[in-house]
Amino acid sequence: MGGRNPERLQKAVEAMKGAGVEGYGKTCDISDKASLDEFVKYAVSIAPIGNVVNAAGVDSGASEMIWKINVQGTINVVEAFLPYIDGSCLVNYSSITGYYYQPTKEEIEIWGDPTAEDFFEKSFQCTTTKELDPRMAFMGQQFLTYIASKKFVQYYTAANALRFGKKNSQIFSVAPGSFDTPMLRENTEEALAGIARGTAFGRLGRPEEMADFIIKLLEPGHEYLTGVDLILDGGKHAMGTVKQYE
């Protein structure tokens with residue numbers, strides 16, 4: 001288990017051990033290739049790499065930081081772990097918001113070569129300097145950078161299906177809707193109530209539901225699943241895109 005916050009990481013490891021699960025932790029910043037390489041080296045020293053769940057991501061802050069963690073960080077994780085993966089699975093996290101972003105032909109062309117030396121600069125500049133869709137401009141540049149970064153995760157995951165297949169391995173991403181996490185709790189109670197109303201069940205998702213979803217997908221029996229983005233959002237996307245029967 002890795003994370004940038006040593007205190008939170010230690011608490012998570014202790015919770016795992018308290019539940020009877022053998023756990024290890026090491027600080028890691030996936031946007032920093034050297035930090036990630038060190039983390040992978042540590043992981044390999046413990047045991048052969050099994051399944052990898054890349055749950056790192058941010059939805060606020062400077063646009064450059066969002067792009068560096070969500071986009072470059074996802075690339076770094078895949079490139080660092082792929083050499084050690086065999087008969088395994090790697091899970092990335094996108095977001096339901098990624099479905100509301102339409103990349104341009106120029107963006108797709110740049111995304112087609114994510115290991116290019118100037119990929120970060122070109123992809124970030126292309127996305128953050130293009131003319132905003134008037135229908136989405138009210139969201140602000142930071143949020144648009146965020147949803148673009150999550151669209152990239154969906155694209156990049158799909159584009160790696162063949163590479164993983166050649167190693168008898170899988171790669172897929174999960175698009176969460178609104179889950180009851182500390183990050184979401186930064187919203188007001190009124191805003192949270194509005195978010196909950198936007199689901200088929202009138203509530204936020206529980207973190208335990210996400211954990212159970214991932215665990216079950218990683219169990220034997222789903223080996224033909226790869227290269228796709230899976231939505232777990234309580235019906236939010238369906239309600240927002242298709243007129244619902246009353």
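The values are calculated or read from the model by the stated rules, or taken from the named source; none is laboratory data. Treat the numbers as computed from the prediction; the structure is a model and nothing was measured. As a convention, Cβ positions derive from the backbone with ideal geometry for all residues, glycine included, and neighbour counts pool all protein chains shown.
Brief remarks follow.
- Annotation: of all residues in the range 197-246 being in a loop (DSSP other than H, G, I, E, B) and β-branched (V, I, T), the one that is nearest to the chain's Cα centre (by Cα) is V228.
- Residue in the range 3-24 that is among the aromatic types (F, W, Y) and surrounded by 17 or more Cβ atoms within 10 Å (Cβ to Cβ) present: no
- Residues in the range 75-94 that are small (G, A, S) and surrounded by fewer than 22 Cβ atoms within 10 Å (Cβ to Cβ) were compared, and the one that is farthest from the chain's Cα centre (by Cα) is G87.
- Flag if F213 is aromatic (F, W, Y), surrounded by 10 or more Cβ atoms within 10 Å (Cβ to Cβ) and at pLDDT 95 or above: yes
- Of the set (1) in contact with a strand residue (DSSP E or B) (Cβ under 7 Å, 6 or more places away or on another chain); (2) within 21 Å of G98 (Cβ to Cβ), all apply to S169 but (2).
- Any hit, the range 105-116, residues being within 20 Å of the chain's Cα centre (by Cα), crowded, with 16+ Cβ neighbours inside 10 Å and of a type in the set (G, A, S): no
- Residue list for the range 192-246, restricted to those being in contact with a helix residue (DSSP H, G or I) (Cβ under 8 Å, 6 or more places away or on another chain) and of a type in the set (A, V, I, L, M): L192, I195, A200, L204, L225, V228, L230, I231, L232
- Taking the range 33-76 as the range and being in contact with a strand residue (DSSP E or B) (Cβ under 7 Å, 6 or more places away or on another chain) and not polar (S, T, N, Q) as the test, the residues that pass are F39, Y42, V52, V53, A55, G57.
- For the range 118-130, the condition of being over 17 Å from the mean Cα position of the chain (by Cα), of a type in the set (S, T, Y) and closer than 20 Å to F164 by Cβ holds for none of the residues.
- Residue satisfying condition, being more than 29 Å from T127 (Cβ to Cβ) and polar (S, T, N, Q), within set N187, N168: N168
- Residues of the range 58-74 that turn out to be surrounded by fewer than 21 Cβ atoms within 10 Å (Cβ to Cβ), on the phi < 0 side of the Ramachandran plot and either part of a loop (DSSP other than H, G, I, E, B) or in contact with a Pro (Cβ under 9 Å, 6 or more places away or on another chain) (or both), as a count: 4
- Test result for V40, without any contact (Cβ under 8 Å) to a residue 60 or more places away in the chain, in a helix (DSSP H, G or I), surrounded by 15 or more Cβ atoms within 10 Å (Cβ to Cβ) and touching a Phe, Trp or Tyr at 6+ places or on another chain (Cβ under 8 Å): yes
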